[in-house]
Amino acid sequence: MATISSVDTKAISEVSITKTTLGASDTFTYVPGVTKYLVIDNNSGGPLTPNIDGDGAGNEYLNGVGSVDISSGYEFGSIADGASVIIDLDQIRSYLQGTIAVTGGDDSEAYIIEV
């Protein structure tokens, strides 16, 4: 299990990015309002459908909808080989409770941008 690196982009000059090659299950730390964007570069040789699951995520109450079970995590749509995706983590913060696991991204590379 690898930990996905965060890159603080609040610098005067260029910033080096360290990418983490994803395996069966990887993790990262989410800080609301600070840890902003997760980037996944799929160079695995085939399509991937990663899943982000915080072990503390359960049911979320949504006005006009009611209680929604989010315990299975946030699943990306299929990411084609050679494609990259970026997601604003604040937009899926309900899924990021507790210890966060990223699965289904085997052999892709990931990093987190802090802005």
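Things to note:
- Within the set 34, 68, 15, the sole residue that is at pLDDT below 95 and either of a type in the set (D, E, K, R) or more than 16 Å from residue 92 (Cα to Cα) (or both) turns out to be 15.
- Residue within the stretch 86-107 that is closer than 22 Å to residue 1 by Cα and of a type in the set (Phe, Trp, Tyr) present: yes
This table checks each residue for (1) touching a residue at least 40 places away in the same chain (Cβ under 8 Å); (2) under 14 Å from the mean Cα position of the chain (by Cα); (3) surrounded by fewer than 16 Cβ atoms within 10 Å (Cβ to Cβ).
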{"site": "56", "(1), (2), (3)": "yes, no, yes"}
{"site": "61", "(1), (2), (3)": "no, no, yes"}
{"site": "76", "(1), (2), (3)": "no, yes, no"}
{"site": "87", "(1), (2), (3)": "yes, yes, no"}
{"site": "90", "(1), (2), (3)": "yes, yes, yes"}
{"site": "101", "(1), (2), (3)": "yes, yes, no"}
{"site": "110", "(1), (2), (3)": "yes, yes, no"}
{"site": "115", "(1), (2), (3)": "yes, no, yes"}
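- Residue list for the stretch 69-85, restricted to those being over 22 Å from residue 3 (Cβ atoms) and in contact with a Pro (Cβ under 7 Å, 6 or more places away or on another chain): 78, 80, 81
- When the stretch 10-30 is filtered for residues that are among the hydroxyl-bearing types (Ser, Thr, Tyr), over 22 Å from residue 56 (Cβ atoms) and surrounded by 13 or more Cβ atoms within 10 Å (Cβ to Cβ), the ones remaining, listed by number, are 20, 21.
- Within the stretch 1-37, being among the aliphatic types (A, V, I, L, M) and within 10 Å of residue 105 (Cβ to Cβ) holds for 4, 22, 24.
- Against the numbered list (1) touching a Pro at 6+ places or on another chain (Cβ under 7 Å); (2) part of a strand (DSSP E or B), residue 111 comes up short only at (1).
- Restricting 79, 87, 52, 100 to those that are out of contact with any Phe, Trp or Tyr (no Cβ under 8 Å at 6 or more places or on another chain), at pLDDT 95 or above and within 28 Å of residue 16 (Cα to Cα) reduces the list to 79.
The values are calculated or read from the model by the stated rules, or taken from the named source; none is laboratory data. Keep in mind it's a predicted model, so treat the numbers as computed, not measured. All Cβ positions, even for glycine, are placed from backbone atoms using ideal geometry, and neighbour counts span all protein chains on display.
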